[in-house]
Amino acid sequence: MMKNLLALFLFVYSISFAQKSQIESKVTFSDNRTVDAKIPFITNLFDSNQIDEITISDRKVKILENGQTIKYQPSEIQKIEFVDLKGKPRVFIYFPLESTKTLVELVYDGRKIKWLKAYRRHGYDGSTLTSDVLYKGDIRQPLSLFVNNRKKLKELTADKPELEPLIENINYNRLKEQDLIDLLKRYDE
């Protein structure tokens, strides 16, 4: 019974990301060469505007250049910029301090602080795992369920104590990107 349920789950999950969509992207390579290309993204069967970020943050990045699919190592790419199917601008960069094997999403790039999002495939069920990390200079601060995010954000922004009420008002259990981006923008002012 359990094997049948697991097989059904894996089948439904695999067909839910069986659709593909090509997104116009601007790719900047590590030698500063820039190419306008398409990236073939896997999209969700039930929500055709939802992309699977693992497509771009995989160990080999597939890019369609002049009708040909070319695979690149993440270290060969400096950044990839595109607008996803929901109209949201996205930037993925090679950031060796976080991952030498994949690209990571640059959610916020301020003068004092950066917010990166790394995507990984779960080894058991194939789902996408996300890890959020803040970088302030050499300080790396992960955001997760197992960390007191309020305390860590207060430590990172200790030079601006007026941000403490904003930090207290953010719901970290249902973190909205824009709430944290607004806080980080205020910190960079």
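The values are calculated or read from the model by the stated rules, or taken from the named source; none is laboratory data. In this text the structure is predicted, and so the values were computed from the model without any measurement. Note that each Cβ is placed from the backbone with ideal geometry, even for glycine, and that neighbours are counted across all protein chains shown. The accessibility values were calculated without ligands, DNA or RNA, using every heavy atom of the protein model including side chains. Shrake-Rupley method; radii C 1.70, N 1.55, O 1.52, S 1.80 Å.
Some observations on this one:
- Amide H partners (placed H, <5 Å) of GLN50, local residues excluded: ASN44
- Span from the the stretch 77-107 Cα centroid across to the the stretch 128-167 one, whole angstrom: 20 Å
- A dipole drawn for the stretch 40-189 from +1 and -1 charges on Cβ atoms has a positive end, and of ASN148, PHE41, ASN169 the residue lying farthest that way is ASN148.
- Listed values (1) 67, 41, 35; (2) 53, 51, 28; (3) 64, 38, 32, entry calculated as Cα extents along the principal axes in Å: (2)
- Placing +1 on each Lys and Arg Cβ and -1 on each Asp and Glu Cβ, with no other charges, gives the chain a dipole about its Cα centre of roughly 400 debye.
- Put a dot 7 Å past the Cα of ASN148, heading toward its Cβ, do the same for LEU175, and the two dots end up 1.7 nm apart.
- Where the chain is the region considered: accessible area per residue in Å², 1.4 Å probe: 60 Å²
- Only Cα pairs under 8 Å and 6+ residues apart enter the sum, and on that basis the relative contact order of the chain stands at 13 percent.
- For GLU189 and LEU85, the FRET efficiency from 1/(1 + (r/R0)^6), where r spans their Cβ atoms and R0 equals 30 Å, is about 0.40.
- Percent RCO, i.e. relative contact order, over the stretch 83-129, from Cα pairs under 8 Å lying at least 6 residues apart: 22 percent
- Test item: Cα-centred dipole of the stretch 88-189, Lys/Arg +1 and Asp/Glu -1 on Cβ, debye: 260 debye
- Gained length - LYS112 relative to ARG33, 0.36 nm times residue gap less alpha-carbon distance: 25.7 nm
- Added length on full extension, which subtracts the Cα-Cα distance from 0.36 nm per residue, LYS62 to HIS122: 19.6 nm
- When TYR187, TYR108 are compared by accessible surface with a 1.4 Å probe, the order from highest to lowest is TYR108, TYR187.
- Amide H contacts of ASP58 (H built 1.01 Å from N, in plane; Pro and chain starts excluded): LEU103 sit under 5 Å, all sequence-distant by 5 or more or on other chains.
- Cα-based helix-to-principal-axis angle, 177-188 vs the chain, degrees rounded to 10: 40 degrees
- Accessible carbon and sulfur surface of the chain relative to its total accessible area, %, 1.4 Å: 52 percent
- Listed values for the stretch 63-79 are Karplus-derived 3J(HN,Hα) couplings in whole Hz (6.51 cos²θ - 1.76 cosθ + 1.60, θ = phi - 60°), namely 10, 8, 10, 6, x, 10, 8, 10, 9, 10, 6, x, 5, 7, 10, 7, 7, and x replaces Gly and Pro.
- Take VAL83: with every protein chain present and a 1.4 Å probe, its accessible area is about 80 Å².
- Helical contribution to [θ] at 222 nm, DSSP H n ≥ 4, -39,500 (n - 2.57), averaged over the chain, rounded to 500: -6500 deg cm²/dmol
- Taking θ as phi - 60° and the Karplus parameters 6.51, -1.76 and 1.60, the scalar couplings of the stretch 82-88 work out to 7, 10, 6, 6, 9, x, 8 Hz in sequence order, x denoting glycine and proline.
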